[in-house]
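> Before we start, here is the structure in question, set down as structure tokens.
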Amino acid sequence: MPEMSVIISTYNAEAWLEKVLWGYNLQSFKDFEIVIADDGSKSSTKDLINRFKKTTSLQLIHIWQEDDGFQKSKILNKAILACDAEYIVMSDGDCIPRLDFLEVHAKYKQRGYFLSGGYFKLTMGISKKIKEKHIITGSCFKIKWLKKQGLKSSFKNNKLNAKGFKSELLNTVTPTKTSWNGHNSSGWKDDIIAVNGFDERMQYGGQDRELGERLFNYGIKSKQIRYSAVCLHLDHKRGYKTEESIAKNKAIRKYTRDSKSIWTSNGIKKEIMILIA
């Protein structure tokens with residue numbers, strides 16, 4: 001049994017997924033499997049995964065469902081059940097992990113907590129310029145190289161160059177909430193199962209945060225690691241983003257917060273939990 005399972009969500013984005021898998025192939029922490037949560041991609045994604053199985057030592061599990069629109073919550077729940085490890089890291093198929101990404105998650109994991117990370121967002125132009133050699137050498141994580149590709153100066157650049165005490169300090173003082181972020185968070189599988197995973201009514205817009213809110217209601221606390229666990233977010237279009245889905249998700253999240261709910265009857269188990277006083 002691996003120490004960690006890494007869930008990576010994807011949908012018809014082989015070029016980005018390939019860069020991401022290169023990143024995981026270079027991780028300093030080795031005791032992990034990858035469960036790819038595929039929301040209906042074409043066969044080219046399967047072909048890419050099979051190629052990585054043959055050419056790398058990555059443990060890859062491909063969980064696929066038929067394309068029925070944006071059903072990320074549903075495929076993530078299937079991926080959760082497929083995880084062999086007690087501890088789960090969740091990220092996306094457009095987030096390249098720095099070589100110490102999983103090492104950081106392993107270092108800070110603790111019973112009674114989940115870890116809340118962030119990402120370093122790139123433009124489409126820079127996203128396209130990143131090749132395998134830039135991931136292998138680590139140059140794509142360096143401000144100097146990124147500025148040569150057009151990156152502008154910003155305080156957010158500290159996400160890449162903060163190390164040691166500086167990253168710890170920034171984790172502590174950042175005003176960003178320690179929420180469950182689908183692109184970079186981790187927690188114990190039994191905690192996620194205890195709140196019944198993701199609410200499958202929810203499409204794009206906060207379904208990851210809602211899971212975290214139920215974990216909070218369940219008594220789980222969170223730690224901030226956004227300046228320690230680094231991943232690069234490759235740019236992409238969001239054709240699945242609609243005002244209707246966002247409004248619906250906001251209403252579900254409000255109910256979860258107001259009612260202090262720990263359970264969704266639309267999650268991994270499709271049943272209502274009966275509490276016995």
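> Work from the charge dipole of the chain (Cβ charges, +1 for Lys and Arg, -1 for Asp and Glu, about the Cα centre) and give the residue of Asn161, Ser41, Thr178 farthest towards its positive end.
Asn161
> Moving on. Please give the calculated 222 nm ellipticity per residue for the chain, where each DSSP H segment of at least 4 residues contributes -39500 (n - 2.57) and the sum is spread over every residue; nearest 500 deg cm²/dmol? It would help to have the intermediate numbers written out before the result.
Numbers: 12 runs with 111 residues, N = 277.
So the helix-based figure for the chain works out to -11500 deg cm²/dmol.
> Which of Trp145, Gly23, Gly219 sits farthest toward the positive end of the charge dipole of the chain, with +1 on the Cβ of Lys and Arg and -1 on the Cβ of Asp and Glu?
Selected residue: Trp145.
> Collect residues whose amide H, placed 1.01 Å from N in the peptide plane, falls under 5 Å from the amide H of Ile7; neighbours closer than 5 in sequence don't count.
Under 5 Å from the amide H of Ile7 lie the amide H atoms of Val35, Val89, Met90, Ser91, each far enough along the sequence or on another chain.
> Per-residue counts of other Cβ atoms within 10 Å, averaged by peptide: what ranking do you get for 145-154, 189-198, highest first?
189-198, 145-154
> I need the P(r) histogram for the stretch 151-216: all alpha carbon pairs, bin width 5 Å from 0 out to the longest distance, whole percents.
Once binned at 5 Å, the Cα pair distances of the stretch 151-216 give 3, 14, 20, 18, 15, 13, 11, 5, 1.
> At Lys189 and Leu81, where each label point lies 7 Å from the Cα along Cα→Cβ, what is the point-to-point distance in nanometres?
According to this spin-label approximation, the distance is 1.3 nm.
> Still on this structure, please answer the following. Quick one: Karplus J couplings for the stretch 138-154, per residue in order, coefficients 6.51, -1.76, 1.60, θ = phi - 60°, nearest Hz, x for Gly and Pro?
x, 5, 5, 9, 9, 4, 4, 5, 5, 5, 5, 8, x, 5, 8, 5, 6
> Considering only Cα-Cα distances, which of the following residue pairs are longer than 22 Å: Lys46/Lys121; Lys53/Lys109; Lys109/Lys163?
Too far apart for the 22 Å limit: Lys46/Lys121; Lys53/Lys109.
> Any idea what the relative contact order of the chain is, in percent, if you count C-alpha pairs under 8 Å spaced at least 6 apart? Show your work: numbers first, answer last.
Working: 525 pairs, mean separation 67.2, N = 277.
Worked out over the chain, it gives 24 percent.
> Hey, could you pull the Cα Rg and Dmax for the chain, both in Å?
My reading of the Cα-based Rg and Dmax gives 18.1, 63 Å.
> Give me the dipole magnitude in Debye, nearest 20, for the chain about the Cα centre, with unit charges on the beta carbon: positive for Lys and Arg, negative for Asp and Glu.
1340
> Same structure again: By the scheme Lys and Arg +1, Asp and Glu -1, what is the net charge of all other residues having a beta-carbon under 11 Å from that of Tyr227?
Result for the local shell: +4.
> I want to check the label-to-label distance for Glu3 and Ile143. Put each point 7 Å from Cα in the C-beta direction and report it in nm to one decimal.
Each label point is offset 7 Å from its Cα along the Cβ direction, giving 3.1 nm.
> Could you give me the ³J(HN,Hα) list for the stretch 52-68, computed from phi with Karplus coefficients 6.51, -1.76, 1.60 and θ = phi - 60°, whole Hz, x at Gly and Pro?
Taking θ as phi minus 60°, the curve returns 5, 4, 7, 9, 9, 9, 4, 8, 10, 10, 9, 9, 10, 9, 5, 5, 9 Hz for the stretch 52-68.
> Between Ile61 and Asp235, with labels modelled 7 Å along Cα→Cβ, what's the label distance in nm to one decimal, could you check?
Here the modelled spin labels are 3.6 nm apart.
> May I pose another question? Starting at the first residue of the stretch 19-27, write each ³J(HN,Hα) from the Karplus equation 6.51 cos²θ - 1.76 cosθ + 1.60 with θ = phi - 60°, in whole Hz, x for Gly and Pro.
Values per residue, Gly and Pro as x: 4, 5, 5, 4, x, 6, 5, 9, 4 Hz.
Every number in this text was worked out from the coordinates using simple rules, so none of it is lab data. Source: prediction; values computed, not measured. Please note: Cβ atoms are built from the backbone with ideal geometry, for glycine as well, and neighbour counts cover all protein chains shown.
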